[in-house]
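*Asks:* Got a structure for you, written out below as structure tokens; questions coming shortly.
Each reported figure results from applying straightforward, stated rules to the coordinates on display, with no laboratory input. Small disclaimer: the values here were computed from a predicted structure and weren't measured. Cβ atoms come from the backbone with ideal geometry, glycine included; neighbour counts cover every protein chain shown.
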């Protein structure tokens with residue numbers, strides 16, 4: 001085999017990979033139904049939630065770093081840092097879950113959905129979101145009640 005054959009095989013391999021990636025992009029777009037409410041209202045709100053989650057995790061990181069550093073070097077920890085971190089964790093989970101759900105970024109096992117019709121797939125999606133809300137809403141209400149009891 002000459003050097004020209006190796007380069008040709010390499011180009012063919014890259015072309016095949018590029019074609020498959022293009023096919024994946026095209027097939028993933030067909031499942032996303034676009035509408036005005038989603039584009040203009042819901043997605044920007046969830047995008048803000050994602051940014052809030054990023055800010056919260058950064059603040060948590062710096063608070064923990066400062067608390068550990070001050071405790072280790074000066075023997076003066078930040079009082080209440082654990083409680084602040086716990087509240088920020090609840091906020092982080094709430095914001096991140098909604099943002100990830102809006103981007104359809106949760107891990108899914110689509111062994112069944114791959115063979116199901118679009119209608120059945122949508123019914124399963126609605127059922128899944130309802131179950132998620134059933135767990136999320138009581139958790140959020142409990143977090144708010146705890147927050148009010150500490151501030152009241």
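*Asks:* Starting from the 7 Å offset along Cα-to-Cβ, what nm value, one decimal, do you get for the label separation of residue 48 and residue 71?
*Replies:* Inter-label distance under the simple model: 3.5 nm.
*Asks:* If the stretch 41-151 were replaced by its equivalent ellipsoid, with semi-axes equal to the square roots of 5 times the Cα gyration tensor eigenvalues, what would those be, largest first, whole Å? Each step should come with its number before you reach the end.
*Replies:* Numbers: eigenvalues 270, 52, 31 Å².
In descending order the semi-axes read 37, 16, 12 Å.
*Asks:* Residue separation times 0.36 nm, minus the C-alpha to C-alpha distance between residue 122 and residue 61: what's the value? Write down the numbers at each step before the final one.
*Replies:* Numbers: separation 61, 0.36 × 61 = 21.96 nm, distance 3.85 nm.
Gain on stretching residue 122 to residue 61: 18.1 nm.
*Asks:* May I ask for the distance between the Cα centers of the stretch 68-83 and the stretch 84-143, given as a whole number of Å?
*Replies:* 35
*Asks:* Rank by packing, highest mean first: peptides 117-123, 95-101, with packing defined as the count of other Cβ atoms within 10 Å averaged across residues. Write out the running numbers ahead of the final one.
*Replies:* Working: 117-123: 11.4, 95-101: 17.9.
Those peptides, ordered most packed to least, come out 95-101, 117-123.
*Asks:* Right, another one. For residue 112 and residue 132, compute 0.36 nm times the residue count separating them, minus their Cα-Cα distance, and round to one decimal in nm. Could the numbers behind the result be given before it?
*Replies:* Numbers: separation 20, 0.36 × 20 = 7.20 nm, distance 1.93 nm.
Separation in residues times 0.36 nm, less the Cα-Cα distance, equals 5.3 nm.
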